[in-house]
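Only the coordinates and a few stated rules stand behind these numbers; no lab work does. These numbers were taken from a predicted model, which means no experiment stands behind them. Every residue, glycine as well, gets a Cβ built from its backbone with ideal geometry; the counts of neighbours run over all protein chains shown.
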Amino acid sequence: MANWRRSLGDAFWHLDRTLGGQRRPTRVQKWVARHPIGAGLCVAVPFTLFCLLLSRADEPDDPLFAVFFGLAMGLVFALTAVSERLRQRRLRRLGIWDGS
C-alpha cells in the first residue's frame, strides 16, 4: 500500500515539474499559499452572490443551490491553494527557492 501512495506522489510531482512547477512563485501565489481559506472565501462569496442574482430571475425560492455552488467553488480554490503551499514547501526543500 505504501508503494502505491509513493508512486502516486511521484506521478503528481512529475506532472508538476512538466507544467513548470519549479519556477519561483509570484506574489499572488505566495499570498494564496499563506491564506488558503481566504482565497477560498474570495472566490466563494462572489460566486454565491452571482448565483443568488441568477436564481432570483428564474426561481426565487431556491437560494440553497446558490450557497452550495459558491461553497463548492470556494472549496476547489482552497484545495488548489493548499497544493500551491505544498509546491512552495517542496521548492524550499530542494533549495530552488529561499522563501522570500
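Taken about its Cα centre, the chain carries a charge dipole of about 1060 debye when Lys and Arg each add +1 at the Cβ and Asp and Glu each add -1 at the Cβ.
Hey, what number do you get for the chain at 222 nm if only DSSP H runs of n ≥ 4 count, each worth -39500 (n - 2.57), divided across all residues, to the nearest 500? Please list the in-between numbers first.
On the way: 4 runs with 80 residues, N = 100.
My calculation for the chain gives -27500 deg cm²/dmol from helical runs alone.
A simple spin-label model places pseudo-atoms 7 Å from Cα toward Cβ; at Cys42 and Arg24 they are separated by 2.1 nm.
Mind pulling the per residue volume of the convex hull built on the Cα atoms of the chain? Å³ is fine. Kindly include the intermediate steps, with their values, before the conclusion.
Working: hull volume 13.2 nm³, N = 100.
That works out to 132 Å³ per residue.
Computed from Cα atoms, the angle from the helix 63-94 axis to the main principal axis of the chain rounds to 10 degrees.
For the stretch 38-47, putting each phi into the Karplus relation 6.51 cos²θ - 1.76 cosθ + 1.60 with θ = phi - 60° gives couplings of x, 5, x, 5, 5, 9, 5, 5, x, 5 Hz, in residue order, rounded to whole numbers and with x for Gly and Pro. 3J(HN,Hα) couplings calculated from phi for the stretch 20-36 with the Karplus curve 6.51 cos²θ - 1.76 cosθ + 1.60 (θ = phi - 60°) are, in sequence order, x, x, 9, 7, 5, x, 7, 4, 5, 5, 5, 5, 4, 5, 6, 10, x Hz; Gly and Pro show x. Spin-label pair Ala11-Leu75: with each label point 7 Å from Cα along the Cα-Cβ axis, the two points sit 2.3 nm from one another. Projecting the Cα atoms of Ala33, Phe77, Thr48 onto the charge dipole of the stretch 25-94, computed from C-beta unit charges around the Cα centre, puts Ala33 farthest toward the positive end.
Thr18: net charge of surrounding residues, Cβ under 15 Å, Lys/Arg +1, Asp/Glu -1, itself excluded? Intermediate values should be presented prior to the final figure.
Values: positive: Arg17, Arg23, Arg87, Arg90; negative: Asp10, Asp16.
For residues surrounding Thr18, the net value is +2.
Modelled label positions at Trp31 and Phe65, each set 7 Å beyond Cα in the direction of Cβ, lie 3.3 nm from each other.
Between helix 2-18 and the chain there is an angle of about 80 degrees, using the helix long axis and the longest principal axis of the Cα atoms.
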